Amino acid sequence: FALSAYAEHEYIPFLQEGNAWVLESIESDYGRDMLTDTVTIDGKEYTVNEIFKIIKKDVPFYETSGGGVTFSGGEPLLQAEFLKAFIPQLKERNINVAIDTSGCILNDTVKDVLSLCDLVLLDCKYTNEEDYQKYTGMSYRAFKEFIEYLELTNKDTWIRQVIIPGINDNEDSISALS
């Protein structure tokens, strides 16, 4: 399930309207009319229960494989309210839950979501403030606070990094991962 969408690097969050999660309307600096030929918003509204009914079909596979559901994105923690509502249904049926995140958001709702997850797949984009800011537009400090929270709560975490030739393939960047 796509839980997020992008339009020229502009995030379009899902919002809760009653029991359904729907795409928020998109605006740009130029107004919505400028996007008519560049963006197609395609999807369907689902309630938490409707999504669970679809996932439930795979429960026998999860039981025999030890697998589960991974929420990825975009950035799934931008949908923290949805995840907080949805994950308990999975946990009630002993379905493992993983979150694939860049670790750029940490607030009370995200902390609640993390407490419900079995595993965090954490993408470490860069290992210093300068590169992190330059290539992601975000602060490395926020990532560090996220990982420190995971350590504090003893959350099972896999740290991953894509090695990009000429950017982070040097000894300093790689050794900073440890």
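Worth pointing out:
- Under-5 Å amide H pairs with Thr157, H placed in peptide plane, nonlocal only: Val120
- Model label sites at Ile54 and Ile159, defined 7 Å from Cα along the beta-carbon direction, differ in position by 3.5 nm.
- Selection from Gly137, Ala176, Ile99 lying farthest towards where the dipole of the range 65-178 points positive, charges on Cβ: Ile99
- Karplus-derived HN-Hα couplings along the range 65-80 (A = 6.51, B = -1.76, C = 1.60, θ = phi - 60°), whole Hz, x at Gly and Pro: 9, x, x, x, 10, 10, 9, 10, x, x, 10, x, 6, 6, 10, 4
- Cross-link pairs beyond the 32 Å C-alpha cut-off, checked among Lys53/Lys134; Lys134/Lys155; Lys53/Lys155; Lys57/Lys134; Lys53/Lys144; Lys44/Lys91: Lys53/Lys134; Lys57/Lys134; Lys53/Lys144
- Table column - 3J(HN,Hα) (Hz), the range 44-52, Karplus curve with 6.51, -1.76, 1.60, x for Gly and Pro: 9, 6, 10, 8, 4, 5, 5, 5, 4
- For the range 148-159, Karplus couplings with θ = phi - 60° (6.51, -1.76, 1.60), whole Hz, Gly/Pro x: 5, 5, 4, 5, 4, 8, 6, 7, 4, 9, 10, 9
Rule-based calculations on the coordinates, nothing more; no lab input. None of the values given here were measured: they were computed from a predicted structure. Because the Cβ atoms are built from the backbone with ideal geometry, glycine has one as well, and the counts that use them run over all protein chains shown.
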